[in-house]
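Comments concern the structure below.
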Amino acid sequence: CVYCTGKKPWDGPGDLRTLGGIKKQVQKFLNAPNSKKIPKDFFNCVNPPLIEADDDDRIIDILPLPELHLGLGITNTLLFKANELAGGDLVIKWANGLSCYQEKQGSKQFNGERCVTLLNSMDSLIKKLPRKLKFFGHALKAFNQVRKSCFGEELDGDYREKIAEFEAAFRDIGKDANGKDLQPVFPKVHIVFHHLADFVDENGPLGQFNEQTFESVHY
């Protein structure tokens, strides 16, 4: 996690990262024998921070939560996983029926505006999904409530409840025949579970930090 020392299997948050903590991990990495220089063993801290500030400054206070990319990552990951498991491009055809098409270049995924359209139409996907995969739709529907509660310009009073409901729905997705999670927790989901509420508590809704305004630099 970019904000804490959490890692797989993402059972909970780790200690919040600070600039000083990163510097210490970098020093440990540099002092380690070459055979032990494995970045993940040092929380991926292999170079000194570019930002100059106090050692006790927290990364979550320097790097705002990325509203756009949390939405893109979670929505697309769950949609494409459900599509893979359902077979026959069921989810893609459903999205296309709503005039939502994947980007032709780059990620080849649905962009932010299309993700919002699809999230707002989740009831119709739930009806189409096989029973064992409807949990993907329920998780996305719950995530849409999180998005509405704190991803915009206003903060709803029940955002903590919405986040908890999303976590419960996500963890209900289920397991495969080998007992492995059909959709394991991944970093962006972890950020929503464990860092979103505290961040908006201190800073307000994510809309004011939205990185959408400079996405055009990719072109």
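In whole Hz, what ³J(HN,Hα) sequence does the range 191-206 give by Karplus (6.51, -1.76, 1.60; θ = phi - 60°), x for Gly and Pro?
Going residue by residue, I get 4, 5, 4, 10, 10, 4, 4, 5, 5, 6, 4, 8, 10, x, x, 6 Hz, with x marking Gly and Pro.
Just the accessible area for Asp172, please: 1.4 Å probe, Å², rounded to the nearest 10?
90 Å²
Compare Phe135, Phe143, Phe186 by solvent-accessible area with a 1.4 Å probe and give them largest first, with all protein chains kept in place.
Ranking Phe135, Phe143, Phe186 by accessible area, largest first, yields Phe135, Phe186, Phe143.
If the reach is capped at under 18 angstrom between alpha carbons, list the lysines near Lys28, excluding any in the same chain fewer than eight residues apart.
Lys36, Lys37, Lys40
Just to check I understand the Karplus step: with θ = phi - 60° and J = 6.51 cos²θ - 1.76 cosθ + 1.60, what whole-Hz values come out for the range 11-16, glycine and proline as x?
6, x, x, x, 6, 4
For His69 and Val217 in one chain, what is 0.36 nm times their gap in residues minus the Cα-Cα distance, to one decimal in nm?
Residue separation times 0.36 nm, minus the Cα-Cα distance, leaves 51.8 nm.
I'd like the distance between the alpha-carbon centres of the range 57-124 and the range 183-207, rounded to an integer number of Å.
17 Å
In bins 5 Å wide, starting from 0, what share of all Cα pairs of the chain does each bin hold, as a percent?
Once binned at 5 Å, the Cα pair distances of the chain give 1, 6, 13, 16, 17, 16, 13, 9, 5, 3, 1, 0.
If the chain between Asp54 and Phe80 were fully stretched, how many nm would it gain, using 0.36 nm times the residue separation less the Cα-Cα distance?
Between Asp54 and Phe80, full extension yields 5.2 nm more.
Which length gain, in nm to one decimal place, applies between Phe209 and Ser35 when the Cα-Cα distance is subtracted from 0.36 nm times their residue separation?
58.6 nm
Rg and Dmax in Å for the range 134-219, alpha carbons only: what are they?
Final numbers for Rg and Dmax: 14.7, 44 Å.
Just from the alpha-carbon atoms, what are the Rg and Dmax of the range 50-155 in angstroms?
16.5, 53
Would you kindly find the accessible area of Ser121, with a 1.4 Å probe and non-protein molecules such as ligands, DNA and RNA excluded, rounding to the nearest 10 Å²?
That residue has around 30 Å² of solvent-accessible surface.
Do any trypsin sites (Lys or Arg not before Pro) in the range 1-108 lie in a DSSP loop with no more than 11 other beta carbon atoms within 10 Å, and if so, which?
Passing both the DSSP loop test and the Cβ count: Lys104, Lys108.
Which percent of Cα-Cα pairs in the range 1-82 sits in each 10 Å bin, short to long?
The calculated distribution, bin by bin, is 16, 38, 32, 13, 1.
Given a cut-off of 19 Å, name the pairs among Lys8/Lys188; Lys127/Lys188; Lys81/Lys128 whose C-alpha atoms lie farther apart than that in the structure shown.
Cα-Cα > 19 Å for Lys127/Lys188; rest within.
Tell me which trypsin sites (Lys or Arg not before Pro) from the range 116-214 have a DSSP coil assignment and no more than 11 other beta carbons within 10 Å of their own.
Lys180
Find me the longest stretch of the chain that has none of the exposed GluC sites (Glu not before Pro), where exposed means in a DSSP loop (not H, G, I, E or B) with at most 12 other Cβ atoms within 10 Å.
155-219
If eta is 0.692 mPa s and T is 37 °C, what Stokes-Einstein diffusion coefficient results for the range 39-96, Kirkwood Rh from Cα pairs, in µm²/s?
218 µm²/s
Out of Gly112, Gly88, Met122, whose Cα points farthest toward the positive end of the dipole of the range 88-142 (charges: +1 Lys, Arg; -1 Asp, Glu; placed on Cβ)?
Sorting the options by dipole projection puts first Gly88.
The values are calculated or read from the model by the stated rules, or taken from the named source; none is laboratory data. Please read all numbers here as calculations on a predicted model, not as lab measurements. Heads up, the Cβs are rebuilt from the backbone with ideal geometry, glycines too, and the neighbour counts pull from every protein chain shown. The protein model used for the area step is the full one, side chains on, heavy atoms only, and it has no ligands, DNA or RNA in it. Shrake-Rupley method; radii C 1.70, N 1.55, O 1.52, S 1.80 Å.
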